[in-house]
1. Per-residue HN-Hα couplings for the stretch 180-188, Karplus 6.51 cos²θ - 1.76 cosθ + 1.60 at θ = phi - 60°, whole Hz, x for Gly and Pro?
2. Would you mind checking the pairs 25/133; 199/256; 25/198; 214/257 and listing those with alpha carbons more than 29 angstrom apart?
3. Suppose the chain between residue 167 and residue 21 were pulled fully straight at 0.36 nm per residue; how much longer would it get relative to their current alpha carbon spacing?
4. How large is ³J(HN,Hα), in whole Hz, for each residue of the stretch 40-45 in order, when computed from phi with the Karplus curve 6.51 cos²θ - 1.76 cosθ + 1.60 and θ = phi - 60°, using x for Gly and Pro?
5. Could you please state how large a percent of the accessible area of the stretch 41-112 is carbon and sulfur, counting protein chains only and using a 1.4 Å probe?
6. Which value, in Å², gives the accessible area per residue of the stretch 78-216 when a 1.4 Å probe is used on the protein heavy atoms?
7. Give me the extension gain from residue 275 to residue 260: residue separation times 0.36 nm, minus the current Cα-Cα distance, reported in nm with one decimal.
8. For labels at residue 32 and residue 112 in the simple 7 Å Cα→Cβ model, what's the distance in nm?
Amino acid sequence: MASSCRRPEHMAPPEIFYNEEEAKKYSQNSRIIEIQSQMSGRAVELLNLPEDQPCFLLDVGCGSGLSGDYLSEEGHCWVGVDISTAMLDVALDREVEGDLLLGDMGEGLPFRPGTFDGCISISALQWLCNADKKTHSPHKRLYTFFSTLYSSLSRGARAVFQLYPENSEQLELITSQAMKAGFSGGMVVDYPNSTKAKKFFLCLFAGFSGTLPKGLGSETVDRGIPSQVQFTGQRSRFKNMKGKSAKKGKDWILEKKERRRRQGREVRADTKYTARQRRPHF
C-alpha cells in the first residue's frame, strides 16, 4: 500500500502534478533524460516503421519533448499532445522540432482520419485509469481516447504505449477498451524476470492483425547479448544531453534546418560557415 501511494497519479491530476518544478526535471535531470530516450527508442522499434522513410507520428503525453527529440533524430516529423502547460512550456524553451498541442487525451484527439503513420506514448496511459473528477469515468475516457486514436491512424499503422500498470485489473481495463475501439495487438513485456529492468509496452495494430513482437530478455540465448549491447550504446549516446539533442555533423545540421523550413519556421540562410566548429574563446 505504501508503494502505491508514491505513484504520481495518486498524488494529483497530471496537469497539477507536472507543475513548473516537476517539469524542470525533464530538462535538467540526466537520469530522467536517459531513461526517456531509451524507452522512446524501444517504442519506435516496436512501431516497425519502414526503413529510410520519414513518417508523420503522434506523441501522446509528449511532456517536455524528450521522446520527440528521438523521433526528430530518426528523421520523422511529429505532433505532441500533453495536458500540462508547464511541460509544454519546457518543450517550447528547448525548441523541439515537433508541433505541440495542449489537450486531455481522455477527451479524445482532434485529428482528421488517417493523419498519422504511427503513435508512441511514454509513461502516460496509466493516468486515464484514474477518476480525477466526478464526471470522469475511466472506461469511457479510455474508449474515447482509443476510438479517436484509431480514427486518426492510417490503416496498417501501429501505436505503442510504454506504461506502468498498477495491477492486472488495470491492464485488463486498458486492453479491453483498446480492443473495443477496433485495435488488435497486446502487451509486450521486456525483461519479465527482472524487477528493475521490466517494462510494459502495449502494442496495438490499426486495421490489421499483426504478429505481436517478442519482449527483450525473453530469449536469453538468442537476444540477451544484442540487447545488452544496444542498451549500452544508448546509455553512452545520451550521457551528456542535459535536455538538448546531441550535436551532430554538418549534414545533420543542414537536414535539421531543411525540416524547419518545411514546417514554416524562420531559418537562417546556409553559408560556408554553417556548422563550422568555432574556436574556443578564453
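1. Each residue's phi maps through the Karplus curve to give 4, 7, x, 6, 10, x, x, 9, 10 Hz.
2. Details: 25/133 27 Å; 199/256 32 Å; 25/198 23 Å; 214/257 37 Å.
Pairs exceeding 29 Å: 199/256; 214/257.
3. 49.7 nm
4. 5, x, 5, 4, 5, 4
5. The value for the stretch 41-112 is 45 percent carbon and sulfur by accessible area.
6. 44 Å²
7. Taking residue 275 through residue 260 to full extension adds about 3.8 nm, to one decimal.
8. Between residue 32 and residue 112, the simple spin-label model gives 3.6 nm.
The values are calculated or read from the model by the stated rules, or taken from the named source; none is laboratory data. All values reported here derive from a predicted model rather than from experimental measurement. Glycine also receives a Cβ, built like all others from the backbone with ideal geometry; neighbour counts cover every protein chain displayed. Ligands, DNA and RNA are stripped out before the accessible areas are found, and what is left, the full protein with its side chains, is counted by its heavy atoms. Shrake-Rupley method; radii C 1.70, N 1.55, O 1.52, S 1.80 Å.
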